[in-house]
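*Asks:* Questions regarding the structure given below will be posed in turn.
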2 protein chains.
Amino acid sequence: MSTKPAVNGAHKAAIRQENEEQILAAAERVFADFGFKGATTARIAETANVPKANVHYYFNTKEALYRRIMEDVCDHWLEAAMTFDNSADPAVILRGYIEAKMDLSRARPYGSRLWAHEIIRGAKFSSEYISTTVKNWLDSRVIVIRGWIDEGKMDDVEPYTLMYMIFATTQHYADFGRQIEIFNNDKPLSDAQFAEAKENVVRIILKGVGLS
Amino acid sequence: MSTKPAVNGAHKAAIRQENEEQILAAAERVFADFGFKGATTARIAETANVPKANVHYYFNTKEALYRRIMEDVCDHWLEAAMTFDNSADPAVILRGYIEAKMDLSRARPYGSRLWAHEIIRGAKFSSEYISTTVKNWLDSRVIVIRGWIDEGKMDDVEPYTLMYMIFATTQHYADFGRQIEIFNNDKPLSDAQFAEAKENVVRIILKGVGLS
DNA sequence: TTTTAACCTGACCAAACGGTCAAGATAAAT
DNA sequence: ATTTATCTTGACCGTTTGGTCAGGTTAAAA
């Protein structure tokens, strides 16, 4: 059509960005639904409304596309992880972290399910990321929790077990969302139901470790 | 070789049973590791040490094999579920159930991971089973828990949320076992570590709902 | 011993897959 | 106006996949 008056190559850049975003969004859904092997480039292309060859134009291989999405998901998770550092009160910090993870499961379930697929498969693409970035983050939180225990602010619980419990419970609402939906008479949890679940999860865990 | 003196067609029956078991065990591993699509009949055959054609002789299609394994896994889970009915004391019942689920995650992780794959995929093969058998079991436990709450034996928590928390936390040790292993300096949890985790999970949840 | 039924398997096939490519269309630079 | 660089896509290709099948072996029945 018309040549936009945009400065420099702004139009071409916009086209690239829009197509990449469209493909990434489609791929995140398809990978989450079918796993790495089960997802086909044809389906990703169809979901993104572009020809299959175009997917390969922007992302050379299926594996490259998969890795890129894993990175994006991890970035989002590290953001949520930051809510662990905002306050000196253990109850406030833990509540904030649990709520942030619950909200992320609700707002971006595909990322969580993609992660679950990846770990179940043996973390072939992400074991290095887990053993460095994620492990460092986790170990530092464990030290914080041990500090709270030593100061008598909470019960003497094994910190890793507590963190795994938070991971598992919050991500369950994304990873096993379909099962929860079936138990809920085949209807997704309403906002009110989810809010109630979130409050209950916070309450049980905080009380469980002696923080209420 | 020699024709065994076995009564009737006992030998042939034994052959069938042994081959089926070998294929089922191999398929459970391979499906858990790679998902439905990612698992190949060739790999299942290789793992079971039988020619590929033999897999199709005993189980017509890949889907039939998958369904059969899903049923087997569910049977085992319903056994664990029965530990919910042994006593009148809520703390004893919940502790027993949580411990049984933790032990199952440790002893039979493939089943749990297979189930996780199936749910993440949208429960295409098992939604009917979940919406009937499993839902009935869950709903009846929820009624039991509501009874305990009404009798003032425990805190007023939303029973489904509590059950999901137990599901999520216990199965996490199977489904995300690889991640836990990486966090544990690339070594699987020792028996002592797992026992400690189990005790902590029980303690946090029981205290969290006012049962200790 | 003969017949029948069940088990076994290498070789094969159509379909689906990830990825390539040549040729055209569009926009930016000269 | 011409050249250059990027974007677009239908057609194509080699490989892998689930599944088939004919022909063989073994064991139970007659």
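*Asks:* Kindly evaluate A:Ala42 against the criterion of being buried (at least 17 other Cβ atoms within 10 Å of the Cβ), modelled with pLDDT of 95 or more and in a helix (DSSP H, G or I).
*Replies:* no
*Asks:* May I pose another question? Select from segment B:48-76 the residues that are within 14 Å of chain A (Cβ to nearest Cβ) and within 16 Å of DNA strand C (Cβ to nearest atom) and write down the one among them that is most open to solvent (accessible area, probe 1.4 Å).
*Replies:* Selected residue: B:Glu63.
*Asks:* Just give me the residues in segment B:48-63 being more than 8 Å from DNA strand D (Cβ to nearest atom) and free of Cβ contacts under 8 Å to residues at least 12 places away in the same chain, in sequence order.
*Replies:* B:Pro51
*Asks:* Since B:Tyr160 meets every condition but one in (1) touching a residue at least 12 places away in the same chain (Cβ under 8 Å); (2) open to solvent by 40 Å² or more (accessible area, probe 1.4 Å); (3) outside any helix (DSSP H, G or I), which condition does it not meet?
*Replies:* For B:Tyr160, the failing item is (3).
*Asks:* So which of A:Pro188, A:Pro159 ends up being more than 22 Å from A:Thr83 (Cα to Cα) and more than 9 Å from chain B (Cβ to nearest Cβ)?
*Replies:* A:Pro188
Every residue, every condition in (1) open to solvent by less than 20 Å² (accessible area, probe 1.4 Å); (2) under 21 Å from the mean Cα position of the chain (by Cα); (3) in the same structural domain as B:Gly35 (by TED's automatic domain parsing), yes or no:
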residue: B:Gln171; (1), (2), (3): yes, yes, no
residue: B:Arg178; (1), (2), (3): no, yes, no
residue: B:Ile182; (1), (2), (3): yes, no, no
residue: B:Asp186; (1), (2), (3): no, no, no
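*Asks:* Next question. Say whether the condition of being under 21 Å from the mean Cα position of the chain (by Cα), among the hydroxyl-bearing types (Ser, Thr, Tyr) and more than 25 Å from A:Arg113 (Cα to Cα) is met by at least one residue in segment B:134-145.
*Replies:* Checked segment B:134-145: at least one residue is under 21 Å from the mean Cα position of the chain (by Cα), among the hydroxyl-bearing types (Ser, Thr, Tyr) and more than 25 Å from A:Arg113 (Cα to Cα).
*Asks:* Sort out which residues of segment B:32-47 are free of Cβ contacts under 8 Å to residues at least 40 places away in the same chain and either farther than 21 Å from B:Gly111 by Cβ or within 13 Å of DNA strand C (Cβ to nearest atom) (or both), and write them in order of number.
*Replies:* Within segment B:32-47, B:Lys37, B:Gly38, B:Thr40, B:Thr41, B:Ala42, B:Ala45, B:Glu46 qualify.
*Asks:* Only one residue in B:Ala116, B:Ala91 is under 22 Å from B:Ala26 (Cα atoms) and of a type in the set (A, V, I, L, M), so which one is that?
*Replies:* After applying the criteria, what remains is B:Ala116.
*Asks:* Would you check if there is a residue in segment A:77-96 being over 24 Å from A:Gly177 (Cβ atoms), within 16 Å of DNA strand D (Cβ to nearest atom), outside any helix (DSSP H, G or I) and open to solvent by 80 Å² or more (accessible area, probe 1.4 Å)?
*Replies:* No, that holds for no residue.
The values are calculated or read from the model by the stated rules, or taken from the named source; none is laboratory data. This one's a predicted model, so the numbers in the text were calculated from it and none came from an experiment. A quick note on method: Cβ atoms are made from the backbone with ideal geometry, for glycine too, and the neighbour counts reach across all protein chains shown. Each accessible area value is taken on the protein alone, full model and side chains, heavy atoms only, with ligands, DNA and RNA left out. Shrake-Rupley method; radii C 1.70, N 1.55, O 1.52, S 1.80 Å.
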